[in-house]
Amino acid sequence: MSRIAFNSAAVRRKHLRREYVPVVSTILACLLSLLPIIVSSPVIPDFGFLMLIAWRLLRPEMWAPALALPLGLFNDLVGGHPIGQSMAIWTSLFIIFDIMDSRVLFRDYWMDWLIAAFAITGYVFADWFIGTLMGNSAGFPVMLPQLGASILAFPIVARFVLALDRWRLAR
Amino acid sequence: MAPPKTRRPGFSRRAQYGLFIGYVVAVGGVILAVLLLVVAIIDPTGFRALRGAALDVTTPISSAGRGVVRFFTDSGDTISHYFFAASQNEGLTQQLAAAERELIEARAIRYENQRLKRLLKLSDEFTDEVTTARIVSSSLDSSRRLATIAAGSSDGVRVGQPVRAPEGLIGRIVETGVFAARVLLLTDGASNVPVRSVRNGIPAMATGRGDGTLDIKPLEVGENPFRKGDIFVTSGTGGIFGPNIPAAIVVRVTREETLARPLANPARADFAIVQGIYMPSADAPLETGVAPPSDSLQVLPPPPPPAGVQATKVQAANVEGAHTQAAPGR
């Protein structure tokens, strides 16, 4: 018979891992926007956001909607967005996901991707719209490469989140 | 499926209240975030301390990795140069010969220029260099085009100052931390720079399109006066950007629009030079209230607010009984 843990330190470590891996991995994904790459058009997906919705779709009961507030503030500060942008979009998205979960009977991989595609479209559009309110005159077609890249990158991020989740809950 | 009538997680009162309070916090948080966003839209420089601190903390991370990225970018170039050495050599030799001829002409013109300026008693309005810094990163996922440089208010960098590379204009400062600052790139959709064509001196406005290109709009109506390959320099009109900084080169011309790309590529520029804000009328003497002599190309902007005392003096001289009508501060 194998034991779950041999001493209290191991129990504590596993507890920490179980509790904090999702939040820490999302924060690290937000930090990807600090990559020292200089691009002249928005083509790179917001990995923090992809990570967030991948965790949320995989484990609907894990996060209260209010958790998106501090994570969004962090993403705004790191990514150079106007403060409040990710906070508002992410938290309202979590509330929408909660409503959706109470109505949808089941979800599978393709449904998740479809839902994520809608969420990404809304997010990219909101980002562009807030930009126009702040004086950006670029049209929405500028954002299409990023929109496509984000939707295509979601399955990869979801796969990564699944692997992390297995490691998190492993004995 | 119809949603269940109640969302009770069970019979536990504690769990029920917890869920309820969770939603109250979330909805309140969304409202708060929208208010913050409204503040940010009305006053983009708000929360300066918080945003500056975040910039200071995150910039060293980007700075450290920048060298690695540069190595890979440059090694890609080196390999392609090796393959195209012969054809490139031929092209460069021709270019060099042409450039030498033009250099001699340019020297002659410069000499003549100096002589004429001495005749007109014009002095070069020199904008001082504030500091030199590395460009370490840029916004990746946002619709805005912002870059980060590794110099902040401790180096004298202030909001509004123009940033250039040796090759040309990069943008201007929009946000400063103590050790880092954010630059609004020329290609951002909110960036407007007054420029003029080097070929024929026609003034235009260069507006970013958000995808790495610029839209050049001539200030006069009529047929599109620009051709492919035209080079634009800043005109110095309206202050902020000093005159004659190389800005853009035209890559495509259609009937309606002129597409250009910036001459300085922030991804390749070794260093960014932060310059002082160019204020032609603030530097010029204002003793008699008569506009100082200037060449016909340069349109003087209204007197800027910092020179409040001088502006009031001039107005008092012009208008009888005008008092404390200083321009409102920004």
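The values are calculated or read from the model by the stated rules, or taken from the named source; none is laboratory data. Quick caveat: nothing in here was measured; it's all calculated off a predicted structure. Virtual Cβ from ideal backbone geometry, glycine too; neighbours counted across all protein chains shown.
Quick look at the numbers
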item	result
Matching residues in region B:217-259 - criterion: being among the basic types (Lys, Arg) and either over 18 Å from B:Gly189 (Cα atoms) or touching a Leu at 6+ places or on another chain (Cβ under 7 Å) (or both)	B:Arg227, B:Lys228, B:Arg252, B:Arg255
Options A:Val104, A:Val78; residue that is without any contact (Cβ under 8 Å) to a residue 12 or more places away in the chain and of a type in the set (A, V, I, L, M)	A:Val104
Qualifying residue in region B:203-214 (condition: within 11 Å of chain A (Cβ to nearest Cβ), buried (at least 24 other Cβ atoms within 10 Å of the Cβ) and on the phi > 0 side of the Ramachandran plot)	yes
Selected residue [facing chain B (nearest Cβ under 8 Å), in a helix (DSSP H, G or I) and in contact with a Ser or Thr (Cβ under 7 Å, 6 or more places away or on another chain)] from A:Gly48, A:Gly131	A:Gly131
The one condition in (1) more than 7 Å from chain A (Cβ to nearest Cβ); (2) of a type in the set (Val, Ile, Thr); (3) in contact with a helix residue (DSSP H, G or I) (Cβ under 7 Å, 6 or more places away or on another chain) that B:Val25 fails to fulfil	(1)
Filtered residues of region B:28-49 (kept if facing chain A (nearest Cβ under 7 Å) and at negative phi)	B:Gly29, B:Val30, B:Ala33, B:Val34, B:Leu36, B:Leu37, B:Ala40, B:Ile41, B:Pro44
Any hit, region A:19-31, residues being within 15 Å of B:Val30 (Cβ to Cβ) and either in contact with a strand residue (DSSP E or B) (Cβ under 6 Å, 6 or more places away or on another chain) or surrounded by fewer than 18 Cβ atoms within 10 Å (Cβ to Cβ) (or both)	no
Residues that are more than 21 Å from A:Gly79 (Cα to Cα), within 14 Å of another protein chain (Cβ to nearest Cβ) and among the hydroxyl-bearing types (Ser, Thr, Tyr), drawn from region A:97-128	A:Ser102
Residue in region B:244-261 that is nearest to the chain's Cα centre (by Cα), counting only those that are under 17 Å from B:Glu167 (Cβ atoms) and either β-branched (Val, Ile, Thr) or not in a strand (DSSP E or B) (or both)	B:Ile245
Only one of A:Leu105, A:Leu152 that is more than 30 Å from B:Ala206 (Cβ to Cβ) and either basic (Lys, Arg) or assigned to a loop (DSSP other than H, G, I, E, B) (or both)	A:Leu105
One residue from A:Ala119, A:Ala170 being within 15 Å of the chain's Cα centre (by Cα) and on the phi < 0 side of the Ramachandran plot	A:Ala119
Which listed residue, of B:Thr132, B:Thr73, B:Thr148, is in contact (Cβ under 8 Å) with a residue 24 or more places away in the chain, hydroxyl-bearing (Ser, Thr, Tyr) and more than 14 Å from chain A (Cβ to nearest Cβ)	B:Thr132
Any hit, region A:162-169, residues being more than 8 Å from chain B (Cβ to nearest Cβ), under 30 Å from B:Leu50 (Cβ atoms) and outside any loop (DSSP other than H, G, I, E, B)	no
Residue match in region B:27-41 (condition: assigned to a helix (DSSP H, G or I) and under 30 Å from B:Phe271 (Cβ atoms))	no
Which numbered condition B:Arg158 fails, given (1) under 20 Å from B:Pro262 (Cβ atoms); (2) touching a residue at least 60 places away in the same chain (Cβ under 8 Å); (3) assigned to a loop (DSSP other than H, G, I, E, B)	(1)
Hey, A:Phe6 under 29 Å from B:Thr148 (Cα atoms) and either modelled with pLDDT under 85 or hydrophobic (A, V, I, L, M, F, W, C) (or both) or not	no
Selected residue [surrounded by fewer than 23 Cβ atoms within 10 Å (Cβ to Cβ), out of contact with any strand residue (DSSP E or B) (no Cβ under 6 Å at 6 or more places or on another chain) and of a type in the set (Asp, Glu)] from A:Asp101, A:Asp76	A:Asp101
Exclusive hit being surrounded by fewer than 20 Cβ atoms within 10 Å (Cβ to Cβ), basic (Lys, Arg) and assigned to a loop (DSSP other than H, G, I, E, B), set B:Arg199, B:Arg144	B:Arg199
Residue within region B:168-179 that is surrounded by fewer than 17 Cβ atoms within 10 Å (Cβ to Cβ) and away from chain A (no Cβ under 14 Å) present	yes
Number of positions in region B:50-70 that are at the interface with chain A (Cβ under 8 Å from one of its Cβ atoms), under 28 Å from A:Pro65 (Cα atoms) and surrounded by fewer than 17 Cβ atoms within 10 Å (Cβ to Cβ)	1
